[in-house]
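Down below is the structure, laid out as structure tokens.
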Amino acid sequence: AQKITQTQPGMFVQEKEAVTLDCTYDTSDPSYGLFWYKQPSSGEMIFLIYQGSYDQQNATEGRYSLNFQKARKSANLVISASQLGDSAMYFCAMREGMGQGAQKLVFGQGTRLTINP
Amino acid sequence: GAVVSQHPSWVICKSGTSVKIECRSLDFQATTMFWYRQFPKQSLMLMATSNEGSKATYEQGVEKDKFLINHASLTLSTLTVTSAHPEDSSFYICSGAGFTDTQYFGPGTRLTVL
């Protein structure tokens, strides 16, 4: 079964608009972490934001925020005031289990975001 | 933020030869390192997990004798692709994690086997 689902293969947004990238996940573990990474054409994976399953508030990092809806098992990434440099692939990832050091990540298929001037 | 480097950034080799890729954590100690491969327009697939001083744990379907992983220190892990074939051509990315859960990724190595 797919553990991480990103249903939008591609998104096109006008510069300065806000954009939401969807991510749903599936796990029976009560302890888990959700990550978003950005991969520009150069290939590097850039960490954007993290949300733990027990975190009470939605995570925010600058222009990035994570809309965490636990009951719906969704962890959408919101980018405010999009910029041309935001054009890239975006991956949602999940780690099951916590408190035991680094655990492996499972990645979604990614969403290619294109910002139009 | 934490920085991970990889070397080389790209490599072209002949079929049957072995290639070594290095992954270094530059400003933190990576107790755990992960190796992924990524085919064009696809997501990252975990190959193996390595803890410093221990044998690597390979994912199902990954040949441990073909993809040799060594994690001899808290700042260095290596992946050696032995007897490489064209189907091994891919983008290989490593990540390191210290005492937090966040993985920091290297810039990747593009391997082309002729």
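The values are calculated or read from the model by the stated rules, or taken from the named source; none is laboratory data. Just so it is clear, the model here is predicted, and its values are computed rather than measured. FYI the Cβ positions are ideal-geometry reconstructions off the backbone, even for glycines, and counts take in every protein chain you see. Note: areas computed on protein heavy atoms with side chains; ligands, DNA, RNA excluded. Shrake-Rupley method; radii C 1.70, N 1.55, O 1.52, S 1.80 Å.
In the range A:1-41, what residues are more than 13 Å from A:Asp86 (Cα to Cα) and either among the hydrophobic types (A, V, I, L, M, F, W, C) or in contact with a Pro (Cβ under 8 Å, 6 or more places away or on another chain) (or both)? The answer is A:Ala1, A:Ile4, A:Cys23, A:Leu34, A:Phe35, A:Trp36. For the range A:69-85, which residues satisfy the criterion of being touching a residue at least 60 places away in the same chain (Cβ under 8 Å) and open to solvent by less than 20 Å² (accessible area, probe 1.4 Å)? If the condition is that a residue be touching a residue at least 60 places away in the same chain (Cβ under 8 Å) and open to solvent by less than 20 Å² (accessible area, probe 1.4 Å), then A:Ile79, A:Ser82 are the ones that fit. Based on what the data block shows, is A:Asp26 without any contact (Cβ under 8 Å) to a residue 40 or more places away in the chain and either more than 23 Å from B:Met33 (Cβ to Cβ) or under 15 Å from the mean Cα position of the chain (by Cα) (or both)? When the stated conditions are applied, A:Asp26 does not pass them.
Table: residues versus (1) within 11 Å of another protein chain (Cβ to nearest Cβ); (2) in contact with a Leu (Cβ under 7 Å, 6 or more places away or on another chain); (3) at positive phi.
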| position | (1), (2), (3) |
| --- | --- |
| A:Thr5 | no, no, no |
| A:Asp26 | no, no, no |
| A:Ser42 | yes, no, no |
| A:Ile46 | yes, no, no |
| A:Gly52 | yes, no, no |
| A:Ala59 | no, yes, no |
| A:Lys70 | no, no, no |
| A:Gly110 | yes, no, yes |
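Say we look at the range A:48-64 and pick out the residues that are in a loop (DSSP other than H, G, I, E, B) and hydroxyl-bearing (Ser, Thr, Tyr); which of these is nearest to A:Thr24 (Cα to Cα)? That would be A:Ser53.
Suppose we keep only residues that are open to solvent by 50 Å² or more (accessible area, probe 1.4 Å) and acidic (Asp, Glu) within the range B:49-63. Which one would you say is nearest to the other protein chains (Cβ to nearest Cβ)? Looking at residues that are open to solvent by 50 Å² or more (accessible area, probe 1.4 Å) and acidic (Asp, Glu), I get B:Glu52.
Give the number of residues within the range B:15-41 that are loosely packed, with under 12 Cβ neighbours inside 10 Å and charged (D, E, K, R). Qualifying residue count for the region: 2. Which of the residues spanning the range B:16-36 are under 9 Å from the mean Cα position of the chain (by Cα) and within 12 Å of another protein chain (Cβ to nearest Cβ)? Within the range B:16-36, B:Met33, B:Phe34, B:Trp35, B:Tyr36 qualify.
A quick yes/no check of all residues on (1) at pLDDT 95 or above; (2) not in a loop (DSSP other than H, G, I, E, B); (3) not basic (Lys, Arg):
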{"position": "A:Pro30", "(1), (2), (3)": "no, no, yes"}
{"position": "A:Lys38", "(1), (2), (3)": "yes, yes, no"}
{"position": "A:Ser41", "(1), (2), (3)": "no, no, yes"}
{"position": "A:Gly85", "(1), (2), (3)": "yes, yes, yes"}
{"position": "A:Tyr90", "(1), (2), (3)": "yes, yes, yes"}
{"position": "A:Ala102", "(1), (2), (3)": "no, no, yes"}
{"position": "A:Leu113", "(1), (2), (3)": "yes, yes, yes"}
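Flag not set for A:Leu66, criterion: on the phi < 0 side of the Ramachandran plot, surrounded by 12 or more Cβ atoms within 10 Å (Cβ to Cβ), of a type in the set (A, V, I, L, M) and at the interface with chain B (Cβ under 9 Å from one of its Cβ atoms). Screening A:Ala75 against (1) within 14 Å of chain B (Cβ to nearest Cβ); (2) not in a loop (DSSP other than H, G, I, E, B) leaves a single unmet condition, (1).
To keep it simple, each residue is scored yes or no on (1) in contact with a helix residue (DSSP H, G or I) (Cβ under 8 Å, 6 or more places away or on another chain); (2) more than 20 Å from B:Pro107 (Cβ to Cβ); (3) small (Gly, Ala, Ser).
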| residue | (1), (2), (3) |
| --- | --- |
| B:Ser5 | no, no, yes |
| B:Ser15 | yes, yes, yes |
| B:Val19 | no, no, no |
| B:Tyr36 | no, no, no |
| B:Leu44 | no, no, no |
| B:Gly53 | no, yes, yes |
| B:Ala72 | no, yes, yes |
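Looking at the range A:22-34, can you tell me whether even one residue there is β-branched (Val, Ile, Thr) and exposed (fewer than 15 other Cβ atoms within 10 Å of the Cβ)? Checked against the condition, which is being β-branched (Val, Ile, Thr) and exposed (fewer than 15 other Cβ atoms within 10 Å of the Cβ), the range A:22-34 yields no hits at all.
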